[in-house]
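Every read-out reported here was derived from the displayed coordinates using simple, explicitly stated rules and does not represent laboratory data. Since the model is a prediction, treat every value here as computed from it, not as a measurement. Positions of Cβ are backbone-derived with ideal geometry, glycine not excepted, and every protein chain shown enters the neighbour counts.
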Amino acid sequence: MPIRPARCYKGVNKPAYTRSEYIDGVPQPKIVKYVMGNLKGSYDYKLELKAVEAAQIRHNALEAGRIAAHKYMSKAIGEDKFALIVRIYPHQVLRENKMMAFAGADRLQEGMRRAFGKPIGLAARVFPGSTIVEVRVSKTYLEQAKEALKRFKDKVGVPSAISIVDLSKVSS
């Protein structure tokens, strides 16, 4: 079984913790752009990366995947020949009860007493079938778009599948 990163925060077994207006110290999401490329172009295909199982994707993983996919697409086909859209937003606030790990730490901390934790990051919850990211390209660049989504998928660490939608059949 492969090692999956951030497995402590990946599960969707806890209740939602999203009301950041009541939470002090919520960090800003690391993802800076959600739409890249040329949105006004005419494209033949839309490739979507869909989640296969329910999970949480941390905001730094989303940003790493976005950078990897965008850099590959820009170098492979050029900035004006694709549109890449991140479809999820990290709302879920992640908490951590920080523990000290040095000699004498047992006299300084409380252990699990009042262990609610402090906000350390954000995550986006995805459920089976929900779209994580989409890439729109013409027919000639279909393989490059698949490779970009594979690179995105490697960064987020959530089991997911690529689905291809033919836009020429959908619009008519």
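Estimated from helical segments only, the mean residue ellipticity of the chain at 222 nm is -7000 deg cm²/dmol, where each DSSP H run of four or more residues counts as -39500 (n - 2.57). Close amide-amide hydrogen proximity is noted between Val133 and Leu49, Arg87, each under 5 Å apart and 5 or more residues distant or on a separate chain (H modeled in the peptide plane; Pro and chain starts excluded). Set against the 2.2 N^0.38 Å expectation for a compact globular protein, the chain has a Cα radius of gyration ratio of 1.24.
Principal-axis analysis of the Cα atoms of the chain puts helix 142-156 at an angle of about 0° to the longest axis.
The mean sequence distance of close C-alpha pairs (under 8 Å, at least 6 residues apart), as a share of the length of the chain, puts its relative contact order at 39 percent. Rounded to whole numbers, the Karplus 3J(HN,Hα) couplings from phi for the range 41-58 are x, 9, 10, 8, 10, 10, 9, 10, 9, 10, 6, 9, 9, 6, 6, 10, 10, 5 Hz, using 6.51 cos²θ - 1.76 cosθ + 1.60 with θ = phi - 60°, and x at Gly and Pro. Under the combined filter of DSSP loop state and at most 11 neighbouring Cβ atoms within 10 Å, the range 97-172 retains these chymotrypsin sites (Phe, Trp or Tyr not before Pro): Phe102, Phe116. The long axis of helix 59-76 is offset from the longest Cα principal axis of the chain by roughly 30 degrees. Between the residues Gly157, Val93, Ala61, the greatest Cα displacement towards the positive end of the dipole of the range 45-172, with unit charges on the Cβ of Lys, Arg, Asp and Glu, is found for Val93.
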